[in-house]
Amino acid sequence: VTTGIGISPRIAVYVHQSPRSNNQYSAKVLSFIETTKEGDDKRTFETAVENVGGKIMGVSLQLLLANISNGEEIELSTKKTNLHPDQKKTFSFSIDRPKPGKYALAVILDYGHNASIEGSQIMIEEK
């Protein structure tokens, strides 16, 4: 009596399709909060997004920091992913601590298709 394992290599290609008649593109930012713990070297933030439409969509999340005193704006980070209908995803962002001052931190959700962008903003202060 003998045993063995037969290995057969395969390449798998996943195809996702949405009907052309379905033009319900819509996504939204559910939450945007700071999750920094005391003593952390970097500031961390978490945002949750949801595809509330009926199509699979590629989304881009951008994190922007604006200095309230001088209006200087810095694009900090961008993350891209695909969202299926009714899917929720949570993203974490870590940023270096800015210079002391007050800032507006915004997360911008862009899902294309000539749709309005979604976003959320929080005010932070670095001492």
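Here is how the numbers come out for the structure above:
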read-out	value
Exclusive hit being in contact with a Gly (Cβ under 9 Å, 6 or more places away or on another chain) and not in a strand (DSSP E or B), set 98, 85	85
Only one of 95, 5, 74, 11 that is touching a residue at least 40 places away in the same chain (Cβ under 8 Å) and of a type outside the set (S, T, N, Q)	95
Of all residues in region 101-127 being in a loop (DSSP other than H, G, I, E, B) and among the polar types (S, T, N, Q), the one that is farthest from residue 73 (Cα to Cα)	114
Qualifying residues in region 14-38 (those that are assigned to a loop (DSSP other than H, G, I, E, B) and modelled with pLDDT of 85 or more) - the one farthest from residue 120 (Cα to Cα)	38
Among the candidates 60, 77, residue that is part of a strand (DSSP E or B), exposed (fewer than 15 other Cβ atoms within 10 Å of the Cβ) and of a type outside the set (Val, Ile, Thr)	60
Complete set of residues in region 101-122 that are under 16 Å from residue 67 (Cα atoms) and open to solvent by 100 Å² or more (accessible area, probe 1.4 Å)	102, 121
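The values are calculated or read from the model by the stated rules, or taken from the named source; none is laboratory data. For clarity, every value in this text was computed on a predicted model and none was experimentally measured. With ideal geometry, Cβ positions are generated from the backbone for all residues, glycine too; neighbour counts draw on all protein chains shown. Calculation scope for accessible area: heavy atoms of the full protein, side chains included, ligands and nucleic acids excluded. Shrake-Rupley method; radii C 1.70, N 1.55, O 1.52, S 1.80 Å.
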